[in-house]
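Visitor: Below is one structure. I have some questions about it.
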Amino acid sequence: FDGLLGFSQGAALAAMVCALRARGDPRFPVAFAVLVAAFASRAPAHGHFYREPIALPSLHVVGDTDAVIAAALSRELAQCFVEPVVLSHPGGHFIPAAAAQKKAYLEFLGRFCPGQGQ
């Protein structure tokens, strides 16, 4: 796997995997993460995942009208990452696929395809 894609609860788990990767855990040799409708776990046992900045390239997709995972929760998690890319969209709890979002996905993912030309 080159990277992780997580949605909602899966994105919360993927963020914890990113924290492990950033600390050098060899079980997770991923180069980036795309986290859609993500949030930081509120479980006390998981607090250690967010104490240090997570140094892994990340794209955080945030729905401004998400009624399941509030946009503020997704933005809060993004702040735990070093230089996160945040893509906001006017919709809710889904993976947006309009032209503007597709362009943002390709720009982010293009950073990890050296020599591809696009």
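Visitor: Can you pull out every residue in the range 34-73 that is out of contact with any helix residue (DSSP H, G or I) (no Cβ under 6 Å at 6 or more places or on another chain) and among the acidic types (Asp, Glu)?
Guide: GLU52, ASP66 - these are the residues of the range 34-73 that are out of contact with any helix residue (DSSP H, G or I) (no Cβ under 6 Å at 6 or more places or on another chain) and among the acidic types (Asp, Glu).
Visitor: If PHE32 passes every condition in (1) open to solvent by less than 70 Å² (accessible area, probe 1.4 Å); (2) among the aromatic types (Phe, Trp, Tyr); (3) over 13 Å from the mean Cα position of the chain (by Cα) but one, which one does it miss?
Guide: (3)
Visitor: Across the range 35-71, what is the number of residues that are open to solvent by 70 Å² or more (accessible area, probe 1.4 Å) and within 14 Å of the chain's Cα centre (by Cα)?
Guide: The number of residues fulfilling the criteria is 1.
The values are calculated or read from the model by the stated rules, or taken from the named source; none is laboratory data. Worth saying up front: this structure is predicted, and the values here are computed from it rather than measured. Counting neighbours? That spans all protein chains shown, and the Cβs are built from the backbone with ideal geometry, glycine included. Keep in mind that these areas ignore ligands, DNA and RNA; they rest on the heavy atoms of the full protein, side chains included. Shrake-Rupley method; radii C 1.70, N 1.55, O 1.52, S 1.80 Å.
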